[in-house]
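Asks: Shown below is the structure under consideration.
What follows draws every value from the coordinates through simple rules; no lab data is involved. Since the model is a prediction, treat every value here as computed from it, not as a measurement. Cβ: placed from backbone, ideal geometry, glycine included. Neighbour counts: every protein chain shown.
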Amino acid sequence: MGSRQNRRFDALVLGGGIAGLEAALNLAEQNFAVAVVEKDASIGGKMIRLSKVFPTLDCSSCITTPKMAAAAHHPNIALFTYCEMQTLERRGEDLVAGILQKSRYVDVEKCIGCRQCEYQCPVLVPDAEQGGFAARKAIYIPFSNAIPQKALIDTDNCILCGRCAKVCPTQAVNYFEQPEEFHLTAAAAVIATGFEAIPLEDKVQYGQGRIPNVITALQMERLLAPHGPYNRVLRPYDGMEPDSIAFIQCAGSRDQSLGVPYCSRVCCMYAIKEAMLLSGALPLADIAIYYMDIRAFGKGYEQFYQTAQAMGVNFVKGKAAYLDPGENGAVRVRYESQEATGGVQVAEHDLVVLSLGLVPAWDPQGRCLLSTGGDKFIKTVKPKTAPTLTDLEGVFVAGAAAGPKDIVDSIAEAGAAAMEASRYLSKQ
Ligand SMILES: Cc1cc2nc3c(=O)[nH]c(=O)nc-3n(C[C@H](O)[C@H](O)[C@H](O)COP(=O)(O)OP(=O)(O)OC[C@H]3O[C@@H](n4cnc5c(N)ncnc54)[C@H](O)[C@@H]3O)c2cc1C
Ligand code: SF4
Ligand code: SF4
């Protein structure tokens, strides 16, 4: 891991998700010195939090962990985790990134990841890494295959009882650690800051997160994951095994009222994937997907869609207009059917999963001269012929930072961004 000094590299990679890791590894293999800056306490991005991936149904963490480890152990890569890129500016030949090292309250050089602190901490809080469905301690290592395996304290919930400091065998806990600002300098940069889902609270018609048993697709990923909160699929609010599950597509995508007029591209496929995994986990459950149209655009995706139909997933062509709480924790879906029957229909399900719209995770406005497009993702100046080129010299973009995309496209784009960066560096 990199120390928190102002340091110079050949290239900066901003974001340690799959696109950032792939770009960093490509550059490091060409002998460039690379810094990866990641705002979370672990690298891995969204992919390390998924269960399996479409269209192959490979275990997501099994294919992400080796990339994370390769980046962490590469002699040409320095990882800066729990570090947020705040600004990025060009100063003559150099690109200078302003970075905020957030406080972990644990000295990463001393922490050996033994978890003694976690075992002793008396505070339990919902674990966002498990969709909020399991508990973690106030001092914690983010998840079992997090890189680095270093603890951090959640000061919103810590009661300063002192137990973690007392038990830590390396005296790593430091309640007085301060955040630190520093700079990283390089000649080229790859922006790979990815996406976030729109907040559930933004969608008034779908209950703004207040209807029990309405969850997000990322929460469903955790329910389906091998190391998920319950090790089986249960309805989170009462532990019941759901007999009927519905997915609501375009929940906040293609929606002018939320300022997300575009298609989020991956939701059709991940809903189909989750529906298929659910049919395996709960063979007797009825699974419905409410959709406007299914966009199965990638290699092998149409076949994947057809397999889901053959497995009995019910594809209901209709726009879900409102969700209401039903009897015994059920959720009532009011939708406008676009099938032969037509008209407004009502159906009840035990559990409803929202395929939320995707928006950029990082907004350069006021922090960097990079332009964004009408969709607020990083603007690419030659989208057809050089899709990783931005309007700031020496800065390239990869993955979902440039717009929603799947893993295959993110990885391909990361390779292209690394190639462009390498060409640029060779000319310097
Ligand atoms: C529910 C769900 C299921 C999915 N399932 C699949 C699937 O089965 N198959 C598939 O192909 N795709 C799937 N996807 C899409 C997949 O998640 C994306 O293709 C992939 O995560 C894009 O990778 P990325 O590295 O571009 O972005 P991300 O995974 O978002 O990584 C970006 C990283 O940048 C970091 N970052 C952001 N801002 C800053 C900052 N200012 N400073 C430092 N770091 C920052 C973030 O913390 C994050 O770690 C799914 C998406 C969702 C929502
Ligand atoms: S902070 Fe100390 S007790 Fe906690 S994991 Fe690190 S070394 Fe172990
Ligand atoms: S000081 Fe805070 S983090 Fe440490 S054991 Fe007590 S409550 Fe947990």
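Asks: Which three extents, in whole angstrom, do the alpha-carbon atoms of the chain cover along their principal axes, largest first?
Replies: 65, 58, 35
Asks: Same structure again: Once the convex hull of the alpha carbons of segment 198-358 is built, what does its volume come to per residue, in cubic angstrom? Display every interim value, and only then the final one.
Replies: Values: hull volume 18.6 nm³, N = 161.
Taking the convex hull of the Cα positions in segment 198-358, it is 116 Å³ per residue.
Asks: I want to verify a result. In a Gaussian network model of the chain, Cα cutoff 10 Å, which of these has the top mean-square fluctuation: G399, G131, G366?
Replies: Among G399, G131, G366, the largest mean-square fluctuation in the Gaussian network model of the chain belongs to G366.
Asks: Between Y322 and N174, what is the spin-label point distance in nm, taking each point 7 Å from the Cα along the Cα→C-beta axis?
Replies: If labels sit at Y322 and N174, their model points lie 5.6 nm apart.
Asks: Which FRET efficiency value, to the nearest 0.05, is calculated for E118 and A340 with the Förster distance at 51 angstrom and r the Cβ-Cβ distance?
Replies: Approximately 0.35, to the nearest 0.05.
Asks: Separate question: Q309 to R7: extension gain in nm, 0.36 nm per residue of separation minus the Cα-Cα distance?
Replies: Separation in residues times 0.36 nm, less the Cα-Cα distance, equals 103.3 nm.
Asks: Quick one: if the Förster radius is 30 Å, what FRET efficiency do S144 and H73 give, using the C-beta to C-beta distance and rounding to 0.05?
Replies: Between S144 and H73 the formula returns 0.95.
Asks: Same structure again: Could you identify which residue out of V34, V397, V260 has the top mean-square fluctuation in a GNM of the chain using Cα springs shorter than 10 Å?
Replies: In the Gaussian network model the winner is V260.
Asks: Using only the alpha-carbon atoms, how far is helix 18-29 inclined from the longest principal axis of the chain? Give it as 0 to 90 degrees, nearest 10.
Replies: 30
Asks: Give, to the nearest whole percent, the P(r) tail of segment 152-193 beyond 16 angstrom, counting all Cα pairs.
Replies: 58
Asks: Of K137/K273; K382/K427; K110/K273, which sit over 30 Å apart, Cα to Cα? Let's see the in-between values first.
Replies: Values: K137/K273 32 Å; K382/K427 20 Å; K110/K273 41 Å.
Checking Cα-Cα distances, K137/K273; K110/K273 exceed 30 Å.
Asks: Whose amide H sits under 5 Å from the amide H of L95, counting only residues 5 or more places off or on another chain, with H placed in the peptide plane?
Replies: A186, A187
Asks: Sticking with this one: Extension gain D154-E348, at 0.36 nm per residue separation less the Cα-Cα distance, in nm?
Replies: Gain on stretching D154 to E348: 66.0 nm.
Asks: What does the helix-only formula give at 222 nm for the chain: each DSSP H stretch with n ≥ 4 adding -39500 (n - 2.57), the total divided by the residues, and the result rounded to the nearest 500 deg cm²/dmol?
Replies: My calculation for the chain gives -6500 deg cm²/dmol from helical runs alone.
Asks: Just the ratio, please: alpha-carbon radius of gyration of segment 79-225 over 2.2 N^0.38 Å, N its number of residues.
Replies: Dividing the Cα radius of gyration by 2.2 N^0.38 Å gives 1.28.
Asks: What residues qualify as long-range amide H neighbours of G207, i.e. H under 5 Å apart, gap of 5 or more or another chain, H built at 1.01 Å from N?
Replies: Close amide H contacts, sequence-distant or interchain: L323.
Asks: Okay, next question. Is there a quick way to get the dipole size of the chain? I mean about its Cα centre, with the Cβ of Lys and Arg at +1 and of Asp and Glu at -1; what is the value in debye to the nearest 20?
Replies: It works out to roughly 580 debye.
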